[in-house]
1. Can you confirm whether Leu113 is modelled with pLDDT of 80 or more, surrounded by 13 or more Cβ atoms within 10 Å (Cβ to Cβ), touching an Asp or Glu at 6+ places or on another chain (Cβ under 8 Å) and of a type in the set (A, V, I, L, M)?
2. Just one of Ala75, Ala14 is closer than 17 Å to Asp97 by Cα, small (Gly, Ala, Ser) and surrounded by fewer than 18 Cβ atoms within 10 Å (Cβ to Cβ); which is it?
3. Starting from segment 21-45, keep only residues that are among the aromatic types (Phe, Trp, Tyr), then list their pairs with residues that are in a helix (DSSP H, G or I) whose Cβ atoms are within a distance under 8 Å, requiring at least 6 positions of separation or different chains.
4. Determine which member of the set Glu93, Glu41 is among the acidic types (Asp, Glu) and over 15 Å from the mean Cα position of the chain (by Cα).
5. Kindly provide the set of residues from segment 1-41 that are within 17 Å of Ile67 (Cβ to Cβ) and among the hydrophobic types (A, V, I, L, M, F, W, C), ordered by number.
6. Only one of Ile24, Ile69 is touching a Phe, Trp or Tyr at 6+ places or on another chain (Cβ under 7 Å) and among the aliphatic types (A, V, I, L, M). Can you tell me which?
7. Restricting attention to segment 71-90, which residues are under 14 Å from the mean Cα position of the chain (by Cα) and of a type in the set (A, V, I, L, M)?
Amino acid sequence: MAQRFEDLTAWQRARARTTRVCVITREGQFSRDFGLATQLERASVSVMANLAEGCDRNRITEFARFIEISRGSAAEVLSHLYVAQDIGYLSAEQSDDLANDTRAISRLRTRLLEGVRRKPGSQQGQLAEEVAQYEAETTLDLKGVIDPEQWAVALPAGTRHRAPGTGH
């Protein structure tokens, strides 16, 4: 495990991405949409903040938990990028670039989590038990609770929905 959160590659990449997000949200029309700009900035900051906080925890399971929390923040970043592109604040190129960077950070974070969970030594069995218990307590089964059709968004006529960073 890294001695300092600043040594984590995932945190370094999240920091660079956050700087880019803050610059972009302070330009043009985006700068006048305080709500969306702030939400995107906060979600981006949250990814790096949770990695930092988890790294400074004394227990491996706590580190793993904060890595998982950062996962949700990364999904929030991607969701806000969809909105920003759909309403014209970001070009497809800007959105794709930020989305691809966010996904790259997520892959680094996933590898970090796998490494934390496989931590060699006497704690490995205890760690696996604690992680399994934590996941069992925090996993929600939303089947039948949320109907995806209720959340479908109608885009203006002529607008083609495209997932940022996917080319679709």
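1. For Leu113, the condition - modelled with pLDDT of 80 or more, surrounded by 13 or more Cβ atoms within 10 Å (Cβ to Cβ), touching an Asp or Glu at 6+ places or on another chain (Cβ under 8 Å) and of a type in the set (A, V, I, L, M) - is met.
2. Every option except Ala75 fails the conditions.
3. Note: pairs meeting the criteria are Phe30/Ile24; Phe30/Leu36; Phe30/Ala37; Phe30/Ala84.
4. Numbers: Glu41 fails: over 15 Å from the mean Cα position of the chain (by Cα).
After applying the criteria, what remains is Glu93.
5. Met1, Ala2, Phe5, Leu8, Ala10, Trp11, Ala14, listed by residue number.
6. Just a single option satisfies the conditions, and that option is Ile24.
7. Ala74, Ala75, Val77, Leu78, Leu81
Yes or no, residue by residue, for (1) touching a Lys or Arg at 6+ places or on another chain (Cβ under 7 Å); (2) among the acidic types (Asp, Glu); (3) at pLDDT below 75; (4) farther than 26 Å from Glu6 by Cβ:
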site: Ser44; (1), (2), (3), (4): yes, no, no, no
site: Glu62; (1), (2), (3), (4): no, yes, no, no
site: Gln123; (1), (2), (3), (4): no, no, yes, no
site: Gln126; (1), (2), (3), (4): no, no, yes, yes
site: Pro148; (1), (2), (3), (4): no, no, yes, yes
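The values are calculated or read from the model by the stated rules, or taken from the named source; none is laboratory data. Values in this document were obtained by computation on a predicted structure and should not be read as measured data. Quick reminder, even Gly has a Cβ in these numbers, built from the backbone with ideal geometry, and neighbours come from all protein chains shown.
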